Each structure stands twice: as C-alpha cells, then as structure tokens.
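Below is one structure, written out as structure tokens, with a few remarks after it.
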C-alpha cells in the first residue's frame with residue numbers, strides 16, 4: 001500500500017505559523033540584499049543571558065491594582081492586600097504565587113508609553129518602536145533582529161528556530177514579519193493548544209519524510225539552471241523548507257510540547273501557562289531557540305474589571321499570569337546550568353513581563369472598569385543578570401504621575417525602547433547598532449532615540465543589573 005507523508009505526519013497548519021507577512025517577504029528581493037551594519041554610538045553589552053522570555057499581557061494590566069499597588073476607591077474588598085516586604089504590597093488574591101517569588105524580580109514603576117490604543121501598543125511591544133506606516137513594511141520585529149544577530153552562534157545541532165512566538169496571532173497586530181531582514185529570521189509562532197501534535201508519528205513517517213525530501217532536493221538541483229536570476233527568491237523558500245525538515249526530524253521538538261498533568265496544573269492550562277511551560281522546555285533543550293515571546297491575551301477590561309460573574313476579568317487573568325510566571329521562575333532557578341555549575345538556568349535566562357500601558361487610576365468608571373492610561377505603568381524583570389528584590393521608579397500617591405524615574409536619567413521616563421535595549425544588552429547585542437541598506441534608505445537603529453512624540457534616551461536600564 002502506498003502512503004503519503006501527510007497520512008503519517010500530524011497536521012502542521014494550525015501548529016506552526018510564520019507570523020505576519022514573513023512568507024510574503026520571502027519573495028521581496030529587497031529583503032534578501034546583504035545587510036550592512038555600523039555602530040551608531042558606544043555601548044557595552046553585558047552578555048549576562050543566553051536566553052530571553054518575554055511575557056506580554058496584551059490588553060493592559062492595571063498597574064495600581066498590581067505591582068504599583070495604590071489603595072483607592074476602586075480597590076476591591078477581597079484583594080487581601082499583604083506586605084511582601086517593606087517597600088512592596090501586593091493583592092494576595094490576585095498574585096498568591098508571585099508574592100512568594102518577588103525576591104527574584106525587579107519592578108520598574110516609571111514606564112511611559114507613546115501609545116494609548118491596543119493595535120499600536122502591541123505593535124510597539126513587538127517592534128520595539130512606535131508604528132510608522134511609511135516604514136512599517138520594512139521594520140523587523142525585535143525577535144527577528146535577535147535571530148539575525150545570533151545566527152553566527154548557531155551550532156550544527158541547533159534545529160529549533162532562534163525566535164519562537166507563543167500565540168502571537170492572538171495579539172491585535174498579529175505576528176510581525178522580518179521586514180527588510182531575510183525571511184529566515186522570521187518567528188515561528190506556535191498555537192500552544194495544538195502543541196502536542198508537534199512531530200512525526202513514528203519511524204515509518206520519518207523514513208517517508210526523508211525519502212521525499214531527498215527527491216525534492218534532486219528535483220531542485222535539476223531545476224536550478226532554469227531559475228536564471230531568480231534564485232534569491234527561491235532561496236528564501238528553501239530556507240523555510242530546510243528549517244521545517246530539521247525540526248520534524250529532531251525528537252527534542254515534540255518533547256518540548258510534552259507536559260505532564262502535574263506541570264499543566266502548576267503552570268495553568270491557558271496561553272500564559274502553556275507558553276511558559278514551552279519556554280522552560282526550550283531553554284532546557286538548548287536546541288537553538290534563544291528568544292521566546294509569549295502573548296497572554298484578553299486583559300482589556302474597560303468594564304467589569306473585578307466582576308466575578310463575567311467570563312473575563314482581572315481576577316482570572318492575574319491568576320493565570322501569576323501561576324505561569326512564578327512556576328517558570330521556580331523551575332529555572334531549581335535547574336543547574338549544564339555550562340556553569342555555579343549558575344542556574346534562571347541566571348542564564350532573562351524573563352520580562354511587558355504590557356502596552358496601564359489603566360486609569362482611582363475609582364472605577366461608570367461601567368465598573370478601567371480605561372487606558374499611558375503616563376505610568378509597570379514592567380517586571382528577573383534572571384539573566386538582573387538583581388531581584390528591587391523597585392526602580394516611583395509614582396505619586398494615586399499612581400497617576402511618575403515622580404522618580406528610578407535610573408540615571410532623572411528627566412526621562414523609561415520606555416519600551418529601554419526595555420529592549422536591556423534585552424539586547426543582556427543577550428550580548430550592541431543595541432546602538434544600525435543597519436543602513438534598508439529599502440527606504442533610512443538607517444534602522446536597533447533602539448531609536450527619536451521615539452514617536454518625544455526624544456528618549458537610547459540606553460539600557462543599567463540599574464536593573466547593578
């Protein structure tokens with residue numbers, strides 16, 4: 001009986017998605033031009049992390065009900081606010097697990113966003129810069145820049161993509177493309193609910209796949225002469241084929257999606273929990289993935305933000321995030337690094353929580369929710385050289401205005417650009433680098449000091465690490 005590979009392989013369509021316009025970009029010759037880079041300033045990357053995990057709370061966490069807690073007319077009676085340490089109070093009802101892990105975490109309370117709408121805010125969180133429609137098609141995601149920078153460090157045994165997304169398709173902007181960078185630096189966006197179906201279904205399937213791939217390569221060799229000057233476009237598609245083939249043939253890939261019932265119970269059976277479980281497994285596998293961006297959606301609670309009777313509220317979302325991040329920090333800190341016995345995997349992994357902006361302080365609005373607020377909000381950092389148990393920045397008694405920026409630039413609030421400068425630095429990447437041969441001929445700076453509405457400091461948040 002003749003078999004097709006599709007008869008024996010689990011479906012890939014829902015599992016693996018190359019985000020945004022990454023595949024379309026494979027046929028744009030401008031994206032395949034050799035990249036030209038130059039230093040645009042002086043930086044001293046720290047290189048304190050081998051991996052980075054970003055957890056994006058898409059829809060916006062209420063800062064004054066969480067990691068910059070302020071008692072106000074909107075504070076709920078069942079929050080069970082507890083003092084974690086002298087300078088930190090948290091609603092235990094919302095964060096029972098993270099309350100136990102805050103010695104590992106540095107909080108930045110002086111964030112300011114350019115954006116006040118979700119699409120632009122979520123784009124900002126992936127691109128590391130505000131949306132500029134004139135340049136959007138050529139702007140790569142931060143993950144693609146990291147993939148480009150780390151290509152030279154990939155080993156023969158590295159089959160996992162350098163940049164993996166978890167549920168990026170649930171964000172308003174979807175998964176961003178590689179822009180002017182070659183498509184091989186694209187994100188591999190994983191639908192975590194389909195993750196268990198991540199590999200071939202046995203030796204017979206793998207044998208058939210190898211045979212079909214051998215025949216495909218022979219056919220490709222025969223057709224090479226007829227492609228003429230179009231080989232650069234076809235080359236991008238072959239990069240995708242080769243990457244998929246290597247992943248399918250690596251038994252570590254399906255194992256990265258194998259979660260026990262106990263693990264799912266600890267992390268949570270939701271986008272945050274499953275994403276953090278995959279991130280832990282990918283870090284432990286050390287199979288090529290260096291940057292993981294997890295989207296945890298559905299935080300936009302303009303109404304009924306603390307109504308227990310509705311299907312989505314901050315109680316549910318906070319508890320999901322709380323369990324997932326706390327479990328990730330515990331597991332990574334309990335695992336010794338195979339490279340340095342004096343370190344743990346958390347020492348080698350920078351874990352960051354970001355969100356688009358905050359939510360309006362004070363009393364709840366007329367529909368029992370909180371609207372968007374961009375003048376003050378929070379981000380969290382742990383591992384990868386970060387000194388935990390610290391708070392950078394300070395807001396006023398209402399949480400409306402930042403009164404201390406918490407770093408050496410006393411006149412500048414911390415922005416998303418500075419978050420990514422810190423990530424670049426921890427991963428050993430020169431965040432002041434710029435790429436010059438873009439389609440528009442405008443230099444692409446890894447961290448753009450021009451911002452959207454005001455100048456900003458194009459620097460890392462050094463106070464996180466010292």
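The values are calculated or read from the model by the stated rules, or taken from the named source; none is laboratory data. All of these numbers come straight from a predicted model, not from anything done at the bench. Neighbour counts are summed over all protein chains in view; Cβ atoms, including those assigned to glycine, are modelled from backbone coordinates with ideal geometry.
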Inset, instruction - Report whether or not residue 390 is within 27 Å of residue 274 (Cβ to Cβ) and in contact with a strand residue (DSSP E or B) (Cβ under 6 Å, 6 or more places away or on another chain). - result: no
Inset, instruction - Might you check whether a residue that is crowded, with 22+ Cβ neighbours inside 10 Å and touching a strand residue (DSSP E or B) at 6+ places or on another chain (Cβ under 7 Å) occurs anywhere in segment 297-311? - result: yes
Inset, instruction - Run residue 64 past the list (1) out of contact with any helix residue (DSSP H, G or I) (no Cβ under 7 Å at 6 or more places or on another chain); (2) more than 16 Å from residue 377 (Cβ to Cβ) and report the number of the one that doesn't hold. - result: (2)
Inset, instruction - Test residue 452 against the criterion of being modelled with pLDDT under 95 and in a loop (DSSP other than H, G, I, E, B), and give yes or no. - result: yes
Legend entry - Every residue from segment 371-405 that is farther than 30 Å from residue 336 by Cβ, crowded, with 22+ Cβ neighbours inside 10 Å and touching a helix residue (DSSP H, G or I) at 6+ places or on another chain (Cβ under 9 Å): 376, 377, 378, 395, 399
Inset, instruction - Go through segment 439-456 residue by residue and tally those that are surrounded by 21 or more Cβ atoms within 10 Å (Cβ to Cβ) and touching a helix residue (DSSP H, G or I) at 6+ places or on another chain (Cβ under 7 Å). - result: 3
Inset, instruction - Scan segment 155-169 residue by residue and report those that are surrounded by fewer than 20 Cβ atoms within 10 Å (Cβ to Cβ) and either at positive phi or in a helix (DSSP H, G or I) (or both). - result: 169
Inset, instruction - State all residues of segment 255-283 that are surrounded by 16 or more Cβ atoms within 10 Å (Cβ to Cβ), in a helix (DSSP H, G or I) and out of contact with any strand residue (DSSP E or B) (no Cβ under 8 Å at 6 or more places or on another chain); if no residue qualifies, say none. - result: 263, 266, 267, 273, 277, 280, 281
Inset, instruction - Taking residue 107 as the residue in question, decide whether it is assigned to a strand (DSSP E or B) and either in contact with a strand residue (DSSP E or B) (Cβ under 9 Å, 6 or more places away or on another chain) or touching a residue at least 40 places away in the same chain (Cβ under 8 Å) (or both). - result: yes
Legend entry - Selected residue (criterion: surrounded by the most Cβ atoms within 10 Å (Cβ to Cβ)) from residues of segment 129-154 that are in contact with a strand residue (DSSP E or B) (Cβ under 9 Å, 6 or more places away or on another chain) and outside any helix (DSSP H, G or I): 141
Legend entry - Candidate set from segment 284-296 (those that are part of a loop (DSSP other than H, G, I, E, B) and within 14 Å of the chain's Cα centre (by Cα)); member that is surrounded by the most Cβ atoms within 10 Å (Cβ to Cβ): 290
